[in-house]
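Structure record follows, encoded as structure tokens.
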Amino acid sequence: MAADTSTIEHHGAPGTRSAGWAKVLRVALLVLFAALVLMPMYVLVVTSLKSTVTPSGAWSLPTDLSFDGWVSAFERLAPALVRTVVMAVVSAVLATILGAMNGFVFARWQFPGAQTVFTLFLFGMFIPYQAVMIPLQSMMIDVQSVFPWFEGIVVLIAVHTIFGIPICTLIFRNYYATAVPKEILEAATVDGAGMWRIFRSVVIPVSAPAAVVTLIWQFTSAWNDFLFALFLTNRNNGPVTYALNELAGGQNPDYAQIMAGVLIASLPTLLVYIVLGKYFIGGLMSGSVK
Amino acid sequence: MQRPKNWLPGLLMVLPSIILVGIFVYYLIAQNIWTSLNVATRRVVVGGKFEERSIHEGGYRNYTELLGSADYQHALWNLLVLTVVFVVGTMIMGLLWSILLEKGVRGEGVFRSIYLFPMAVSFIAAGVVWRWLLSPAKGEGAAIGLNQLFVKLGLDGLQSSWWSADSRWNMAAMALPAIWQLSGYIMALFLAGFRGIGEDQREAARIDGASEWQVYRHVLFPQLSPIALSALIIVGHMSMKMFDLIYAIAGPNSYTASVPATLMWTQLFAQRDPVAAAVNATIILVIVAVVVVPYLWYTNRTERERG
């Protein structure tokens, strides 16, 4: 989409024009909405720190701080957390590499029919995954019968990489269309450089801004995925969303553990978002066609 | 066109992705449609003997059968209510927040981060806490979650059975957590849109005597309509395939909160009926495609016009 990251920062003098009361009203509304948005977070944090959770006191602050919930939730989620880190990182890197290659071709080295192929890729970004899930599941079972190691995280790496190709391709294509001027490519071609060499020595060195966006985008969507996890993995080899659903489901009465589990399972993406927030917004913008 | 010598390396570079997308998107869709058209029988015990009984006649009749079933129509109605409330809710909240923020206030970055953070949380994680918040129990002592908060604040009248309510509109409550998660995203889109419009345009309108409201109505909003359209498509198509959140809040096989995507899970695993599940999945694909294909066509065209 047309929106780019740099435009989100405000440039004018802040609020000089608005009358005093309008400004107060505006800030009051902003604070009110912020409180509403943070309310579920409050429940999570407060409950996770209680030693005993009584139904009647759920909204009050803990009387004595206890980290038992955090410890026991971490113990239960730890194996899945490790698997999810590996899965999300590897699939983000693979999808980014493929996206950069495709994006370069679609932006600057088109072959006959490239536009049609690109549109077909884009549609792949929008499809409801339910539409491929049944045959995908039986295909994965078939592959597993030949290669027993193709299960759990390995399957999810493959699936997230493949279904991440469209969005990564789009992000890189849009980026290269402005970041790699045609003139430079022409000059390099005149100098006798082939496509692969141009890609390696001219295009890759300027790719970092788009790569950050696709890495973050892919990492968070792989981390947060539940649908593929549910259909293609089980409790012994699944990612953290699967483990969290197991932890929170059923009749688990330990609310402190459950709420701490939610926070632990969300920490990596929240951390990515807090530390790399600027790029995260960039990812959202470029993903706006998604 | 250039000589093949020039473009062939480009094609080779994309080839791995073409093969992967070809197989995992288009071939699997074809296979799913093929499954949906199958004839299916089920072994049943009749008078102490096994008997093969037809459960799907095959072909288009599999579709008319599902579309005509009460369970499916209930799920479709739920999806409609969910989608309308979700889309309208996120658009209103997103636009409102962006208007509150667009002129710049102190601490804007903090507000922006707060509004946007739910987007970084998975539907499964959000579903756990919202399941508690939207607990149906009511009344002093019994109520938990939001109802309990309302009782404590003396707002007993606001208590609700939320999505568990025996009502045709219960799915409006299921849209609440979804609105909570996505409004910040829509805010970010609109905010970027506002900031992309030069200050000189507002200035010119003000000099012409336009009120603040008129500046928004006649200068700013019209320029945001392409963004509003993308936002609409993004939220709309997310709603149509929404699964995780409902699964986490209402459980895997809830009838009350069923939508086509969760019904598909029930068909596949609880009812062991892959044909019906494939029919259902194909219809979800068609519904999404009806919305998305014209949009892709439209953006493709405007992009080409822009050069």
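The values are calculated or read from the model by the stated rules, or taken from the named source; none is laboratory data. What you see is a predicted model; the values in this text were computed from it and never measured. Neighbour counts run over all protein chains shown; Cβ positions are idealised from the backbone, glycine included.
Looking at A:G261, A:G249 in this structure, which one is in the same structural domain as A:V155 (by TED's automatic domain parsing) and in contact (Cβ under 8 Å) with a residue 60 or more places away in the chain?
Criteria check complete, one pass: A:G261.
Among the helices (runs of 4 or more DSSP H) lying completely within the stretch B:1-118, list those that include at least 2 residues that are in contact (Cβ under 8 Å) with a residue 24 or more places away in the chain and closer than 19 Å to B:I186 by Cβ.
Numbers: elements: B:4-21, B:28-36, B:60-68, B:70-102, B:108-116.
It comes to B:70-102, B:108-116.
Please state which of the following conditions A:A80 fails to meet, knowing it meets all the rest: (1) surrounded by fewer than 14 Cβ atoms within 10 Å (Cβ to Cβ); (2) assigned by TED's automatic domain parsing to the domain that holds A:Y175.
(1)
Could you list, in sequence order, the residues of the stretch B:249-270 that are within 11 Å of chain A (Cβ to nearest Cβ) and more than 13 Å from B:W163 (Cα to Cα)?
Scanning the stretch B:249-270 gives B:P252, B:P260, B:A261, B:T262, B:L263, B:M264, B:W265, B:Q267, B:L268, B:F269.
Identify, please: which residue in the stretch A:57-86 is part of a loop (DSSP other than H, G, I, E, B) and not charged (D, E, K, R) and is, among those, nearest to A:T220 (Cα to Cα)?
That would be A:F67.
Restricting the first residue to the stretch A:57-75 and requiring it to be aliphatic (A, V, I, L, M), which pairs with a second residue that is in a loop (DSSP other than H, G, I, E, B) meet a Cβ separation below 9 Å and a spacing of at least six or different chains?
A:A58/B:I144; A:L61/A:L49; A:L65/A:L49; A:L65/A:S51; A:A73/A:D254
Would a scan of the stretch B:242-254 turn up a residue that is crowded, with 17+ Cβ neighbours inside 10 Å and among the acidic types (D, E)?
yes
Given the options B:S239, B:S225, name the one that is among the hydroxyl-bearing types (S, T, Y), surrounded by 18 or more Cβ atoms within 10 Å (Cβ to Cβ) and closer than 24 Å to B:V288 by Cβ.
B:S239 is the lone residue from the list that is among the hydroxyl-bearing types (S, T, Y), surrounded by 18 or more Cβ atoms within 10 Å (Cβ to Cβ) and closer than 24 Å to B:V288 by Cβ.
(1) more than 24 Å from A:V37 (Cβ to Cβ); (2) touching a helix residue (DSSP H, G or I) at 6+ places or on another chain (Cβ under 9 Å); (3) away from chain A (no Cβ under 13 Å): which one isn't true of B:Q201, the others all being true?
Here B:Q201 meets the rest and fails (3).
Given the structure, is A:Q137 within 11 Å of chain B (Cβ to nearest Cβ) and closer than 25 Å to B:M240 by Cβ?
Judged against the criteria, A:Q137 is a match.
Would you check if there is a residue in the stretch A:189-210 being surrounded by 19 or more Cβ atoms within 10 Å (Cβ to Cβ), more than 12 Å from chain B (Cβ to nearest Cβ) and at negative phi?
Scanning the stretch A:189-210 turns up at least one residue that is surrounded by 19 or more Cβ atoms within 10 Å (Cβ to Cβ), more than 12 Å from chain B (Cβ to nearest Cβ) and at negative phi.
Please enumerate the residues belonging to the stretch A:147-163 that are farther than 10 Å from A:L232 by Cα and either modelled with pLDDT of 95 or more or among the aromatic types (F, W, Y) (or both).
Within the stretch A:147-163, A:F147, A:W149, A:F150, A:V154, A:I157, A:A158, A:H160, A:T161, A:I162, A:F163 qualify.
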